[in-house]
Amino acid sequence: MERINLHFTGDFHAITSAHNLLAALIDNALHYRLPTATGLPLDARHVSWRRVLDMNDRALRQIATGMGAGNAPARETGFDITVASEVMAILCLATDIDDLQARLARIRVGRDEAGTPVTAGDLGAAGAMTALLVDAILPNLVQSIGGSPALIHGGPFANIAHGCNSVVATRSALALGEFAVTEAGFGADLGGEKFCDIKCRSAGLSPAVVVVVATVRALKYHGGAALADLGKEDAAALTAGLANLTRHVENMGKFGLPVVVALNAFAGDSPTEQAAVIAHCHDELLVKAHLCRHWADGAAGAADLARSVAALADAEAAGFRMLYEDDLPLADKMRRVATEIYRASDVALSPAAARQLQALANQGFGHLPVCMAKTPYSFTADEHVKGAAIGFTLPIRDVRLAAGAGFVIALCGDINTMPGLPKAPAALHIGVDANGQITGLS
């Protein structure tokens, strides 16, 4: 666990290096005023490629580079976190090394002095970036504590990126076993929607079953209970919070997929409250639900869930469909996700976002899917709004093109692509004991 959560195989470092190599080549081209493949130099005022770091560091969100004599032109830029890098998304959506290099070449980095878009391929960067990723594109096989195989590959966060593991790993898993189980995290409204509308669309995948994971504690929190009180029985909070679970189950049904609910058990949960959630799923949502104790009991603790999933997959009950078609305008795709999945009444595009969407449509990118960058803590863009809000307006303040990954990113509300550390960072509790074993990561 410690290795997986720290350096693991070095994939994240390779992605960071490939991303920042492109940034260095951009600044080098600016310094020497090198002509790009368009014939003209890059315009320093219109470089859109930022740097990345695998670290929460809010001080790097906005920076100035090129300060001092003899450097590249001074300009404002910034850092994103590595999991938000387009290179991360490209690695996870590429089907092989050739596709990886082609996608890297399509990355949009800015404009030349005539206003023509410039790509990583125009700068000659794709080959060297691919060289840094030749090992990182290979999926990583690990073994669970229970002895079962698992593939861990890629890590784009679902709140600020597309939230799915690599296509290569998924296809490998499908080739190696009867069933392949993959995770699309940060809630069905984020990871689940993006798995269907971005990953499956890109890779031609068609899922058979969705497992929506819930806990009594989370449901009570969405029902109004304070964090400090989640261990106490609170029937009113649980009942109110069930609206959140209902929303997620309904949303996955909109993709034509059968749903099973996994209720993860905590040691301090009330059996009465666990039974209430199971009953709500069976009686109101008409879906199977299982109390899962695999965290404590290993595979046996989720055996009933596995049987239900296998039965639904074998029944071929899925009629998988996307939420929107390719030819729907970009703004309408964002509106479709906001109204159908988040249950907003509409979206509010900032003037800048509206101009960017029109420009992208004019440049031939209107067919791309959309990647909504939004808080994972609420259906709204406000992390403090719990439960299952309805009828709100979703603000979209900025739009970014990920031409290599093949989607358009909508930044909703005050979401940041470079998070900051909390007041008491986890790093304060991590160390190494006398035997050289890492501690504090549990």
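Only the coordinates and a few stated rules stand behind these numbers; no lab work does. Model, not experiment: these values are computed from the prediction. Cβ placement follows ideal geometry from the backbone for every residue including glycine, while neighbour counts extend to all protein chains displayed.
Just a few scattered comments:
- Summing charges over neighbours of G204, with a neighbour being any other residue whose Cβ is under 15 Å away from its Cβ, gives 0 when K and R count +1 and D and E count -1.
- Here the Debye sum runs over all C-alpha atoms of the chain as equal scatterers in vacuum, and log10 of I(q)/I(0) at q = 0.12, 0.13 Å⁻¹ comes out as -1.11, -1.30.
- Counting only residues at least eight positions apart within a chain, or on another chain, the aspartates and glutamates with an alpha carbon under 17 Å from that of K232 are D269, E273.
- Full extension of the chain segment joining T239 with D304 gains 20.9 nm, where the gain is 0.36 nm per residue of separation less the Cα-Cα distance.
- Using the Cβ of T77 as centre and a radius below 11 Å, the other residues enclosed give a net charge of +1, where K and R count +1 and D and E count -1.
- If R0 is taken as 30 Å, the Cβ-Cβ distance between D297 and V134 corresponds to a FRET efficiency of 0.15.
- Put a dot 7 Å past the Cα of L141, heading toward its Cβ, do the same for R3, and the two dots end up 1.5 nm apart.
- Computed extension gain for K254 through L421, at 0.36 nm per residue and net of the alpha carbon distance, reaches 56.5 nm.
- Estimated FRET transfer efficiency (R355, E284; beta-carbon r; R0 45 Å; 0.05): 0.50
- Of G68, G115, G163, the one that fluctuates the most in a GNM where the chain has Cα springs shorter than 10 Å: G68
- Take the Cα of I152, step 7 Å toward its Cβ, do the same at L227, and the gap between the two points is 2.5 nm.
- Computed on the chain, with alpha-carbon pairs under 8 angstrom and 6+ residues apart, the relative contact order is 14 percent.
- Among the DSSP helices (H) of the chain, those spanning at least 18 angstrom by Cα along their long axis with an average Kyte-Doolittle hydropathy of -0.5 or more are 11-32, 235-253; this is a geometric and hydropathy rule only.
- Residue-averaged 222 nm ellipticity for the chain, from DSSP H runs of 4+ at -39500 (n - 2.57), nearest 500: -9000 deg cm²/dmol
- Under conditions of 20 °C and 1.002 mPa s, segment 330-412 yields 166 µm² s⁻¹ as its translational diffusion coefficient, taking Rh as the Kirkwood radius over Cα pairs in the Stokes-Einstein equation.
- The share of Cα pairs per 5 Å bin across segment 208-309, counted from zero up to the longest distance, runs 3, 14, 24, 25, 19, 12, 4, 0 percent.
- Computed E for S442/A114 - FRET, C-beta separation, R0 51 angstrom, nearest 0.05: 0.35
- Using the Cβ of Y221 as centre and a radius below 11 Å, the other residues enclosed give a net charge of +1, where K and R count +1 and D and E count -1.
- Counting all C-alpha pairs of segment 2-132, share separated by more than 17 Å (%): 59
- Extension gain, E76 to A37, is 11.6 nm, computed as 0.36 nm per intervening residue step minus the present C-alpha separation.
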